[in-house]
Amino acid sequence: MNSTSDDPWSLPGARAAAEELARVGRALGEEGLTWGTSGNLSLRLDDEWMVASATGTWVRRLVPDDFVPVRLADGSHLGPRKPTKEVPMHAAIYQRQPDARCILHGSPPYATWLACTDLEPGFDGLFIETMHYLPRVAMAPYAHPGTPELGAHIGRAAEEAKAILMRNHGAIVWHGTADEALMTFLSLEFAARVLHQACAAGRPLQPLPPSLADEFRQRRVYRK
């Protein structure tokens, strides 16, 4: 869609959202959760608008001007820069999950490895972060980047879990805050790395029984 305005920061809160996303996006790159121009991220402003990274941006170099206000309903945007091609999957999550405020997508090496295997992405009960952040991990079928088909897959997967592996592509997470989304992504990558190392060593992982994992969550043992 073409730009709907010359001023990308005419929406209330858009500039502050871009500043928050630039901070979290740089952390995304520094933590190795994506590389080069492979990632994209967004923050919901309200029921109508989100702020998303522009196409071609380098995640580790993000600054506020690397973001674009985008209308959720049709992908139209404010300002001269084009948003990421992955707008359909970001919009799909926001439209299906009212509690979603921040979405992070990247290609972390171990989570991407897992997304390219036939292993089940179940991590609940392994350790405290997975019990808190990864009680469920969904697997979305492959579809080409930027397509409505991929958006539909991700939207359905977001109804199952906040952490989603994208078959033969990477991973995407959503949460109510940017920092919680980042911690969910870090937990997913760490858990995938543990699984990778266990597979390499030929030693299967032994999670806690589901009853103990449920008790952990019910008693709110993990404090953020």
Among (1) more than 20 Å from residue 180 (Cβ to Cβ); (2) at pLDDT 95 or above; (3) within 18 Å of the chain's Cα centre (by Cα); (4) surrounded by fewer than 23 Cβ atoms within 10 Å (Cβ to Cβ), where does residue 82 come up short? (3)
For region 200-214: of the residues being modelled with pLDDT under 95 and assigned to a helix (DSSP H, G or I), which is farthest from residue 131 (Cα to Cα)? 211
Turns out the helices (runs of 4 or more DSSP H) fully within region 38-150 with at least 2 residues that are under 26 Å from residue 196 (Cβ atoms) and small (Gly, Ala, Ser) are 109-115
Exactly one of 207, 141, 148 is closer than 20 Å to residue 85 by Cβ, touching a residue at least 60 places away in the same chain (Cβ under 8 Å) and open to solvent by 60 Å² or more (accessible area, probe 1.4 Å), and that residue is 148
Return the residues of region 151-199 that are open to solvent by 20 Å² or more (accessible area, probe 1.4 Å), in contact with a Lys or Arg (Cβ under 7 Å, 6 or more places away or on another chain) and free of Cβ contacts under 8 Å to residues at least 60 places away in the same chain; say none if nothing qualifies. 160
Assuming residue 58 fulfils every condition listed in (1) modelled with pLDDT under 95; (2) over 25 Å from residue 148 (Cα atoms) apart from one, which condition is it? (2)
For region 35-50, name all the residues that are in contact with a Lys or Arg (Cβ under 7 Å, 6 or more places away or on another chain) and over 12 Å from residue 95 (Cβ atoms). 43, 49
Residues (open to solvent by 60 Å² or more (accessible area, probe 1.4 Å) and part of a helix (DSSP H, G or I)) located in region 17-36: 19, 23, 26, 30
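The values are calculated or read from the model by the stated rules, or taken from the named source; none is laboratory data. Just so it is clear, the model here is predicted, and its values are computed rather than measured. No Cβ is skipped: glycine too gets one built from the backbone with ideal geometry, and neighbour counts run over all protein chains shown. For accessibility, only protein heavy atoms count, side chains too; no ligands or nucleic acids. Shrake-Rupley method; radii C 1.70, N 1.55, O 1.52, S 1.80 Å.
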